[in-house]
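Chemist: Below is one structure. I have some questions about it.
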Amino acid sequence: MAAGVRPLLLPLLTGRVDSPVVPVLEQLSIDAWNRYNRFSLAAALVFFATEVLRVATGLSTTYWQLGLIAPVVAAFIGKLVIDKRLKTRLQELGDEAVTSEQQQAGHRRVELLSMFILILSVVLLVLPV
């Protein structure tokens with residue numbers, strides 16, 4: 001979503017905030033990310049629980065998967081916290097929040113966390129169990 005939708009909307013979000021559509025687009029972007037992040041966090045927690053069970057029952061003696069999935073879970077929690085701040089700022093400030101430096105910085109942090117999650121997820125998929 002970040003690679004496909006947000007760059008297309010970025011000129012609207014960073015330009016003049018004359019249109020009532022701009023805050024709506026910002027709200028939709030935040031809500032869509034929030035829903036995705038909650039679902040992904042649940043999936044990461046299931047994966048983490050599965051790995052804990054595998055180690056606890058002796059099916060696996062490697063702890064590196066636990067060491068990689070734990071930061072992924074933490075990053076998803078961080079993304080949800082940032083999304084909450086973005087949504088609160090948008091509700092409090094309205095149009096002014098869309099172009100604010102704090103809002104843009106929040107989006108950049110979420111994007112960095114997304115890249116971090118992607119890299120760790122690819123490592124988890126590629127490396128053998």
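The values are calculated or read from the model by the stated rules, or taken from the named source; none is laboratory data. Only a predicted model underlies this, so the values are computations on that prediction, with no experimental measurement involved. Every residue, glycine among them, receives a Cβ derived from its backbone with ideal geometry; neighbour counts consider all protein chains shown. Calculation scope for accessible area: heavy atoms of the full protein, side chains included, ligands and nucleic acids excluded. Shrake-Rupley method; radii C 1.70, N 1.55, O 1.52, S 1.80 Å.
Chemist: Please determine whether any residue of segment 92-112 is touching a Pro at 6+ places or on another chain (Cβ under 7 Å) and either part of a helix (DSSP H, G or I) or among the acidic types (D, E) (or both).
Modeler: yes
Chemist: Another question, if that's okay. What single numbered condition from (1) of a type outside the set (S, T, Y); (2) surrounded by 13 or more Cβ atoms within 10 Å (Cβ to Cβ); (3) more than 17 Å from Q27 (Cβ to Cβ) fails to hold for K87?
Modeler: (3)
Chemist: Now for a separate question. Only residues in segment 56-70 that are β-branched (V, I, T) count as the first member; pair them with residues that are surrounded by 13 or more Cβ atoms within 10 Å (Cβ to Cβ), Cβ under 7 angstrom, at least 6 apart or cross-chain, and list the lot.
Modeler: Once the first residue is β-branched (V, I, T) and sits in segment 56-70, its partners that are surrounded by 13 or more Cβ atoms within 10 Å (Cβ to Cβ) give I69/A44; I69/F47; I69/F48; I69/E51; I69/L124.
Chemist: Note down all Cβ pairs under 9 Å where the first residue falls in segment 99-123 and is β-branched (V, I, T), the second is outside any helix (DSSP H, G or I) and surrounded by 13 or more Cβ atoms within 10 Å (Cβ to Cβ), and they're at least six residues apart or on different chains.
Modeler: What qualifies is T99/V17; V110/A2.
Chemist: Considering G94, G78, which residue is closer than 20 Å to R35 by Cα and open to solvent by less than 40 Å² (accessible area, probe 1.4 Å)?
Modeler: G78 is the lone residue from the list that is closer than 20 Å to R35 by Cα and open to solvent by less than 40 Å² (accessible area, probe 1.4 Å).
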